[in-house]
Amino acid sequence: MTDAPRPLLERYRALLARDGESFPITLGEGMTPLVHARRLGDELGLDQLHLKFEGTNPTGSFKDRGMVLAVNRAVAAGARAVVCASTGNTSASAAAYAAAAGLPCHVILPVGKVARGKLAQALAAGARLIMIDGNFDEALTAVRRLGEEGLAVVVNSVNPDRLDGQQTGAFEVVDALGRAPDALALPVGNAGNISAYWRGFTTYADAGRMSADAMPRMLGFQAEGAAPIVRGEPIEKPETVATAIRIGNPASWELAVEARDRSGGVIEAVSDDEILDAQRMIVRLEGVFCEPASAAGVAGVRRLAAEGRLDRDTVVVCVLTGHGLKDPDAVQAEEGSLTPIAPELDAIRREMDL
Ligand code: F0G
């Protein structure tokens with residue numbers, strides 16, 4: 001055990017911890033790979049395209065970075081329970097960390113649109129699931145009220161510990177590259193992560209761990225049917241195949257706009273087809289399997305590069321926010337037959353088309 005990596009919050013303790021604070025709960029979050037995507041980069045016309053694969057976090061998404069801090073602090077504050085609204089990943093993460101802390105976890109979910117793997121994760125960890133006949137935004141409104149009533153600690157990203165912990169994604173990107181990228185692309189749903197990455201780069205520059213003159217441009221991408229920031233108004237009935245970002249009124253709207261504007265970046269919309277195409281390209285060219293929402297950043301970068309808005313030598317990091325295994329239903333089998341054939345070599349050879 002002597003060479004076990006230090007837990008994430010210990011590693012960045014100087015930037016995150018309060019005096020004397022301890023973080024007993026950890027599941028081994030963070031320290032996710034940054035993959036130099038050479039084949040995908042070739043396809044997109046980018047020599048320096050990197051994928052920050054957050055699917056290797058303990059519950060398979062970036063949420064664990066903030067959840068570990070939020071739950072440690074909830075425990076320290078004497079919380080009796082935690083509660084969240086979720087399109088799926090937050091609930092999987094909250095359920096896991098609450099289980100590790102021995103706290104009850106309540107989850108309010110929008111009806112019908114939570115990916116199967118995420119539901120299974122929350123259920124398996126013993127969270128109490130409540131599905132409402134409404135969307136994520138309505139679930140979050142209810143959760144905020146419950147939090148105000150003091151019944152449970154809210155662990156959505158309206159809890160500042162969540163965004164503080166998620167800054168570690170930016171820290172790791174800089175540590176891995178030895179500098180900040182020129183541009184950082186990611187999906188935007190409730191708009192917490194883009195805000196957290198921007199805060200992370202700012203924190204790192206303030207601490208002298210990267211140059212303040214080399215801040216990255218933040219490139220955020222919403223799904224066309226759920227693009228309130230792009231349209232400039234809340235969307236009442238958001239729709240997208242990327243259910244994780246099916247959000248019509250993001251909680252961190254203003255912070256995201258600030259990140260965009262201060263960094264000279266963009267927040268734009270990509271279609272469901274562009275998202276699914278990008279998801280397929282990422283796994284077929286790089287072997288990295290992310291969920292649909294996670295591919296929105298790559299879909300956006302693909303378009304910007306095609307439009308000549310990103311030079312070939314731009315250092316681009318796309319954050320792949322969640323694991324593809326969470327949402328197996330989103331993968332369409334296009335080739336190969338799953339109808340059984342005779343267990344005979346000739347028949348198999350014919351099927352292989354060799
Ligand atoms: N990618 C994935 C896989 C997500 O689960 C989410 C958000 C996002 C991107 C967007 O990040 O909200 O910080 O802008 N999922 C939340 C949830 C809403 O409930 O799991 P954001």
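The values are calculated or read from the model by the stated rules, or taken from the named source; none is laboratory data. For clarity, every value in this text was computed on a predicted model and none was experimentally measured. Positions of Cβ are backbone-derived with ideal geometry, glycine not excepted, and every protein chain shown enters the neighbour counts. Heavy atoms of the whole protein, side chains included, go into the accessibility calculation; ligands, DNA and RNA do not. Shrake-Rupley method; radii C 1.70, N 1.55, O 1.52, S 1.80 Å.
Kindly establish whether ARG262 is surrounded by fewer than 20 Cβ atoms within 10 Å (Cβ to Cβ) and not aliphatic (A, V, I, L, M).
It is true that ARG262 is surrounded by fewer than 20 Cβ atoms within 10 Å (Cβ to Cβ) and not aliphatic (A, V, I, L, M).
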Worksheet item: Among the strands (runs of 3 or more DSSP E) contained in region 78-147, which hold 1 or more residues that are touching a residue at least 60 places away in the same chain (Cβ under 8 Å), open to solvent by less than 50 Å² (accessible area, probe 1.4 Å) and among the aliphatic types (A, V, I, L, M)?
Response: 82-85
Item to complete: Answer with yes or no whether LEU49 is in contact (Cβ under 8 Å) with a residue 24 or more places away in the chain, more than 16 Å from the ligand (Cβ to nearest atom) and open to solvent by less than 10 Å² (accessible area, probe 1.4 Å).
Response: yes
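In this structure, is VAL230 among the β-branched types (Val, Ile, Thr) and open to solvent by 20 Å² or more (accessible area, probe 1.4 Å)?
In short, yes.
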Worksheet item: Is one or more of the residues making up region 23-44 in contact with a Ser or Thr (Cβ under 9 Å, 6 or more places away or on another chain), at positive phi and open to solvent by 30 Å² or more (accessible area, probe 1.4 Å)?
Response: yes
Practice prompt. Please identify the pairs in which a residue from region 240-258 that is closer than 16 Å to LEU140 by Cβ has its Cβ atom under 6 Å from the Cβ atom of a residue that is aliphatic (A, V, I, L, M) and part of a helix (DSSP H, G or I), counting only partners at least 6 apart or on another chain.
Written response: ALA244/ALA293; ILE245/ALA293; ALA256/ILE194
Worksheet item: Inside region 298-332, can you point out the residues that are more than 25 Å from the chain's Cα centre (by Cα) and open to solvent by 60 Å² or more (accessible area, probe 1.4 Å)?
Response: GLU307, ASP311, ARG312, ASP313
Worksheet item: at pLDDT below 95 and either open to solvent by 20 Å² or more (accessible area, probe 1.4 Å) or in contact with a His (Cβ under 7 Å, 6 or more places away or on another chain) (or both), is that true of GLU335?
Response: yes
Worksheet, complete the sentence: Selection from region 20-40 of residues within 16 Å of PHE171 (Cβ to Cβ) and among the hydroxyl-bearing types (Ser, Thr, Tyr) yields THR32
Response to the item:
The helices (runs of 4 or more DSSP H) lying entirely within region 158-269 that contain at least 2 residues which are within 11 Å of the ligand (Cβ to nearest atom) are 160-177, 192-206, 253-263
Worksheet item: Counting only residues that are surrounded by fewer than 20 Cβ atoms within 10 Å (Cβ to Cβ) and hydrophobic (A, V, I, L, M, F, W, C), which one in region 270-287 is farthest from the ligand (Cβ to nearest atom)?
Response: LEU285
Practice prompt. Could you figure out which of (1) under 17 Å from the mean Cα position of the chain (by Cα); (2) free of Cβ contacts under 8 Å to residues at least 40 places away in the same chain isn't true of PHE289?
Written response: (2)
